[in-house]
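Here the structure comes first, spelled out in structure tokens, and everything after it is commentary.
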Amino acid sequence: MRWAFIGASTIAGEWMVAAVRSAGDEVVVVVSGDLARARAFANSHGIAHAAADEAALASLGVDAIYISSTNEKHEASVLHAASLGLHVLCEKPLATSLAAAQRMVQACARAGVVMGTNHHLRHNSAHRQMRDKIQQGALGRLVSARVNHSVYLPAHLQGWRLKDKGAGGGVVLDIAVHNADSLAFLLGEYPTEVVAMTSNSGMAEGMEDNAMSVWRFPSGLTAFTHQGFNTPFADVGLEVHGTQGSLKGVGILHQGPDGRLDFKNAQGEQALPLDQVDLYSRGVQNFHRAIQGLPHDMADGQAGVRSLAVALAVLESAQTGRSVAVQYPGAAA
Ligand code: NDP
């Protein structure tokens, strides 16, 4: 498959060029708002074409587009790609509003193209094993979950995420969307109600760099989630607890296939072996499977809308000091 990359971004350079190539695909062109940066990116990654305008896509025989510009720019690129009949893999959060995210999904559906949201964590071996154990009933009746997802934003990423609300800055849109998708992947349900508090420890300007929230799910399970940009020494992890057993993943919320996963029940505690499959490569493979109409683990466009809906509800709860019912447009929760 031949890909266009929209955005000469960090994630594209660090992970996605290699992920696409690992599936046997080609990155044909990179498009940036700045032609010099597009050319520099193309040169350093061995990409044949660089452009400052997405109009270039029409003549390059492209099959799919990967969008990793800042969040407020995703919609225009998705609508353009759909108009060209290109399959779309878009970064999270899909957009900065639910209406925009919904328009993106609808445009892809009308064009008959596949739309994926790049929620990479569900491709982690730990996530897949946790889902399987839960589905097998090994935990009994599920009662609670905890997501410790407070990291330290590295210096080279301390730009728009901390300063630009219009671009979708702030830790909630950046990380709570991942937590919503991870829990939905494991539990098979999305929260109906959230309560949250956010804070600014001084890293961010005019927005939050830390958020804690509690989510209630239709089954009655409650989950605690902690999102942060400001904790250099905190461990990340995800736990799910049931009446018959508990799963505890530590370090499993990174970009690489790191971490360990333990299962504990009345018989004792055992470490579950994790594979070392690259999360983003598996994501691209599953994008292929979706295009081929095969069963897949990809987060589709609607999953991206839903994870955004949860994050927006977290922000609303923090702003109003109230519990907020999550609004999922266009589909039952
Ligand atoms: P970057 O800040 O690296 O890039 C975002 C945009 O900023 C680029 O598209 C580029 O604009 C511009 N830019 C990049 N470098 C420079 C520079 N040196 N000078 C001026 N402008 C620059 O963002 P990320 O890669 O961290 O994030 C991009 C998207 O990917 C976001 O939607 C984010 O949420 C998502 N993301 C997803 C991850 C995942 O695991 N799924 C992980 C990290 C990010 P232009 O388009 O004009 O080239």
Per the filter on the stretch 251-264, residues surrounded by fewer than 16 Cβ atoms within 10 Å (Cβ to Cβ) and either touching a strand residue (DSSP E or B) at 6+ places or on another chain (Cβ under 6 Å) or in a strand (DSSP E or B) (or both) are R260, D262, K264
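So, in the stretch 179-189, exactly how many residues are part of a helix (DSSP H, G or I) and either under 13 Å from the mean Cα position of the chain (by Cα) or surrounded by fewer than 17 Cβ atoms within 10 Å (Cβ to Cβ) (or both)?
So the answer is 7.
Any residue at all in the stretch 68-87 that is near the ligand (Cβ under 8 Å from one of its atoms), out of contact with any strand residue (DSSP E or B) (no Cβ under 9 Å at 6 or more places or on another chain) and assigned to a helix (DSSP H, G or I)? Walk me through it before giving the result.
Applying the first criterion (near the ligand (Cβ under 8 Å from one of its atoms)) to the stretch 68-87 yields 68-71, 73-74.
Add one more test, that the residue is out of contact with any strand residue (DSSP E or B) (no Cβ under 9 Å at 6 or more places or on another chain), and what stays is 70-71.
From the residues that got through so far, the ones that are assigned to a helix (DSSP H, G or I) too are 71.
Scanning the stretch 68-87, I find at least one residue that is near the ligand (Cβ under 8 Å from one of its atoms), out of contact with any strand residue (DSSP E or B) (no Cβ under 9 Å at 6 or more places or on another chain) and assigned to a helix (DSSP H, G or I), so the answer is yes.
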Looking only at the stretch 276-294, filter to residues that are closer than 20 Å to A12 by Cβ and polar (S, T, N, Q); which one of those is farthest from the ligand (Cβ to nearest atom)? Q285
Close pairs from the stretch 161-183: first over 17 Å from S201 (Cα atoms), partner part of a loop (DSSP other than H, G, I, E, B) and aliphatic (A, V, I, L, M), Cβ under 6 Å, at least 6 apart: none
So S150 fits all but one of (1) within 12 Å of the ligand (Cβ to nearest atom); (2) within 16 Å of the chain's Cα centre (by Cα); what number is the exception? (1)
Just one of (1) out of contact with any strand residue (DSSP E or B) (no Cβ under 8 Å at 6 or more places or on another chain); (2) among the aliphatic types (A, V, I, L, M); (3) not assigned by TED's automatic domain parsing to the domain that holds I134 trips up A290, so point out which. (1)
Restricting to the stretch 258-294, what's the tally of residues that are in contact with a Ser or Thr (Cβ under 6 Å, 6 or more places away or on another chain) and closer than 20 Å to H120 by Cα? 3
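Could you list all residues from the stretch 311-323 that are crowded, with 21+ Cβ neighbours inside 10 Å and touching a strand residue (DSSP E or B) at 6+ places or on another chain (Cβ under 7 Å)? Reasoning before the result, please.
Pass one, the stretch 311-323, residues crowded, with 21+ Cβ neighbours inside 10 Å: 311-315, 317-318.
A313, V314, S317, A318, listed by residue number.
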Please go through the stretch 164-186 and give me each residue that is away from the ligand (no atom under 15 Å from the Cβ), farther than 21 Å from T231 by Cβ and in contact with a strand residue (DSSP E or B) (Cβ under 7 Å, 6 or more places away or on another chain), ordered by number. L186
The residue from L238, L274 that alone is more than 30 Å from D164 (Cβ to Cβ) and at pLDDT 95 or above is L274
Can you tell me which residues in the stretch 270-316 are over 30 Å from A196 (Cα atoms) and part of a strand (DSSP E or B)? Q270, A271, L272
Looking across the stretch 1-53 at residues that are surrounded by fewer than 17 Cβ atoms within 10 Å (Cβ to Cβ) and among the polar types (S, T, N, Q), the single one that is farthest from the ligand (Cβ to nearest atom) is S22
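The values are calculated or read from the model by the stated rules, or taken from the named source; none is laboratory data. Please read all numbers here as calculations on a predicted model, not as lab measurements. Because the Cβ atoms are built from the backbone with ideal geometry, glycine has one as well, and the counts that use them run over all protein chains shown.
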